[in-house]
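Have a look at the structure below before the remarks.
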Amino acid sequence: MAATPRPAPPANLFPTAGVEPRGFWALAIAAAVVLLLALGAFHYLEEVGHVATGMGNEVVWGLPHVFAIFLIVTASGALNVASVSSVFGVKAYKPGAALSALLALALLVGGLMILVLDLGRPERLVVAATHYNFKSIFAWNMILYNGFLAIVAVYAVMSLERRWQKISAPVGVLAFVWRIILTTGTGSIFGFLIARPGYASAVIAPLFIALSLAWGMAVFILVKEAVCHWYGVPVSEEMRVRLRRLLGIFVATGLYLAAVHHLTNLYWARQTEFERFFLLDGGLYTVLFWGGFVLLGSVVPLLLTLLPRFNSPRALLWACWAVVEGAFAFLYSFIIAGQAFPMDLFPGYEVRSGFRDGVVAPYLPRLPEFLLGMGGVALAFLVALVAIRLFKVVPRDEMPAVEVK
Amino acid sequence: MIPVDESRRKFLGTTAAAAGALALGPGVMLYSYAEAKAGSGAGERTIRWGMLVDTTKCASGCTACVDACNTEHNIAPAKLPTDVQWIRKVELKDERTGAVHSMPVMCQHCAEPPCVDVCPTGASFKRADGIVMVDRHTCIGCRYCMMACPYKARSFVHEPTTNKSSVAPRGKGCVESCTMCVHRVDKGGTPACVEACSDAGHRAIIFGDLNDPNSEIAKRVKAATTTQLRADLRTDNGVRYQGL
Amino acid sequence: MAAPALAKPPVLDKAKGEKCVEETSVMRKRHMDFLKHQRDDTVHGGIRGAKHSLAGCVECHANARDGAVLGSSQHFCQGCHEYAAVKLDCFDCHTSHTKSAQASQKRGVPR
């Protein structure tokens, strides 16, 4: 790859040709290898069945779903910059709109792949298209996901093509509305499960929206900084400050709604048992929630983004990294603990049975399901990588620029 | 030519008589009742199959119902969290009084089944006679129904099956649960667990039409206090418990 | 399909009885429709042991020796589908053996 010349200050929104990201092939091959490993794991599961995973008849959704929900929720959030640009008409965000949209597409595709590969009978996917249960929030989500892909794809094309940018705003508004509904839908997959104290709550949908804002912003910032670094395009310090502040606000909102969720549960007698388990005696789940989500995923990035003394590009990257780690900790504890905690069929009785009634269900992830999850991340990464290079999607901030180190 | 044998002769008989004979069978009545209701409708009733478990008669440690179910549906006794199981025995101890109860728990055949609501393909469904089951021809194995079920009543088939039976076809990758022995019920029979409990001399489970005021189950549900598991969810269960 | 080995239609196990549940020519073309229709009637409508039952096909069309419809390219369901390059998943779950064969060999059944 040619040495990267520093480009002239951005006269137009789009990078000129000839700027090559270093290590493109190395990254692409690495992602492809992970993807192939995931397909291998999928093939293996097809042969031997889900016994090869840690999932069972109680914890029926495991690590693959943690990865999938992370990618799907983050996909919606990755659209933040595009939304601010076209819905709220903030010009400074326009250069990032195309990257924002492409990232959203890539993340969603990765998440959906995991969900499909984890099905017991993935070859029957056509059935899901021909037999439709309109009462199912899951079926609704299929419409929402496909609609999201279509709308955001149109939006991405429009924001890449100079001629169409002027008329892209309505599509941007549609995409914004759609992503809010989409994340409401994703949250409701859990929120509607009335039988399970860890899930059943109207707060889950808004909580997921808030989390999506934070997680998507974190991933967007990480990707943007990387892309600009590769292409040698300067990132405007003012833009960085804006994104940093937004990230802080979003993280705070997520933490607030998570607190509301648990506080409302504590208030309702039927759920307090679960809360005691989750917040105090849940072992790994408790540690992941407090240490992973609250401390690392929320408090640390809040300090890094809101305290002026941490105002540096490096601190921002650390904040984003912490948010992503916190996201996985949150989802793991939320998804798994919600199933592992025994459902109380007989209030007031001590229960014993051959099917572990009344005891916490075991779950230990195994290699195939980890590979499936990583495969989704790899696919998202690969799609984003190729698209960025193919369409030269490099956000060139139109503000007084400062070199990235 | 292959010599004609007895089973084939019997089989031919069944097939030939199928249309006629089955018109009298309860299976087809599902349809005729539904039609009658839609039509003139005067005083017609619809079937709702249900079970009543009398916990005062259910013996602690007895697993006759579970064993019978396993045999009927070709299920190996469940040991691992990944093993299929349709019915389990639960032992309860009242936290205050110390009173103990024993009883089977299986699919509760809800009138408002959460599993049916959430199923994306409609594979999880409720028959006209109230039996809730999975159509394993359209199940894609997403397990959302298992997330939604309040009773841990469903199993996912985690492994390929080798030993197959024509009564209970089963294959890797689909979800299944108690069918209230539809294959027996449709021919006018009773579920295997009910039969086994009766054979064991307990008669702790009775089966019948909850909507037929003259049936034993309807009379007992009317006369005695019965409980539905997680009645707070208002799923209106077809399986009721007495003596809890 | 261009596979040369499949040029000649396979010789299949002979069925019991004189006639199929429908005209042979109709069966050849439409048996999958009958089966899928029957499947829905049985699973959703509770109509059992009817004319187009899959268990019924197996009873008549099983190989006289091992009582199965699968096993070799001579076996009824397998032979023709191999020839037509059709892949079935029915026998992932459904038994490919007659009732009496199931009873006599209580062991693992090949797909």
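The values are calculated or read from the model by the stated rules, or taken from the named source; none is laboratory data. These figures come from a predicted structure and were not determined experimentally. In this analysis, Cβ positions are derived from the backbone assuming ideal geometry, glycine residues included, and neighbour counts consider all displayed protein chains. Quick note on the areas: whole protein, heavy atoms, side chains included, nothing else; ligands and nucleic acids left out. Shrake-Rupley method; radii C 1.70, N 1.55, O 1.52, S 1.80 Å.
Numerical summary
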| read-out | value |
| --- | --- |
| Residues of type lysines that A:Lys94 reaches as a straight line, Cα spacing below 27 Å, ignoring anything fewer than 8 places off in the same chain | A:Lys166, A:Lys224, A:Lys392, A:Lys405 |
| Fraction of accessible area attributable to carbon and sulfur, chain A (%, probe 1.4 Å) | 72 |
| Square roots of five times the Cα gyration tensor eigenvalues for region C:25-107, Å | 20, 18, 11 |
| Where only alpha carbons of chain A are counted, the Rg and the Dmax (Å) | 21.7, 74 |
| Relative contact order (%) - criterion: Cα under 8 Å, at least six apart; region: chain A | 32 |
| Aspartates and glutamates whose Cα lies under 14 Å from that of C:Lys87, excluding same-chain neighbours fewer than 8 positions away | A:Glu123 |
| Per residue value of the accessible surface for region B:45-242 (all protein chains in place, 1.4 Å probe), Å² | 35 |
| Total formal charge among the other residues, if their Cβ is under 15 angstrom from that of B:Gly243, Lys/Arg +1 and Asp/Glu -1 | +2 |
| Cβ charges +1 (Lys, Arg) and -1 (Asp, Glu), total dipole of region C:25-107, debye | 160 |
| Accessible area (Å², 1.4 Å probe, nearest 10) - A:Leu255 | 40 |
| Kirkwood Rh and Cα Rg combined as Rg over Rh, evaluated for the protein assembly as shown | 1.03 |
| Highest-MSF residue in chain A out of A:Arg240, A:Arg389, A:Arg352 [GNM, Cα springs under 10 Å] | A:Arg352 |
| Residue-normalised accessible area of chain A, given per residue in Å² at a 1.4 Å probe | 40 |
| Given charges at beta-carbon only (K, R positive; D, E negative), |dipole| of region B:45-242 in Debye | 100 |
| Nearest-0.05 FRET efficiency for B:Ala111 and A:Ala92, computed from C-beta distance (R0 41 Å) | 0.15 |
| Inter-chain Cβ neighbour average for residues C:57-66, partner chain, 10 Å | 2 |
| Peptide A:47-55, shielding by other chains (average Cβ, 10 Å cutoff) | 5 |
| Global geometry of region B:137-244, whether rounded, prolate or oblate, following the gyration tensor of its Cα atoms and the 1.5 cut on a/c | oblate |
| Shielding score for B:116-128, defined as the mean number of other chain Cβ atoms within 10 Å | 6 |
| Label-point separation in nm, A:Lys166 to C:Lys19, each point 7 Å along Cα→Cβ | 7.7 |
| Net +/- balance of residues flanking B:Cys58 in space, Cβ distance below 13 Å, scoring K and R +1, D and E -1 | +2 |
| At least 27 Å along the helix axis (C-alpha) and Kyte average at least -1.0, DSSP helices within chain A | A:24-48, A:94-117, A:137-160, A:169-191, A:204-231, A:237-267, A:313-340, A:367-391 |
| Alpha-carbon centroids, region A:290-331 and region B:125-156: separation in whole Å | 41 |
| Within straight-line cross-link reach of B:Lys222, lysines at Cα separation under 29 Å, skipping those fewer than 8 residues along the same chain | B:Lys37, B:Lys57, B:Lys89, B:Lys93, B:Lys126, B:Lys152, B:Lys187 |
| For region A:20-97 versus region B:188-241, the gap between their alpha-carbon centres in whole angstrom | 48 |
| B:Arg136 - accessible surface, heavy atoms, 1.4 Å probe, Å² rounded to 10 | 50 |
| Cα gyration tensor shape of region B:45-242, rounded if a/c is under 1.5, else prolate or oblate by comparing a/b with b/c | rounded |
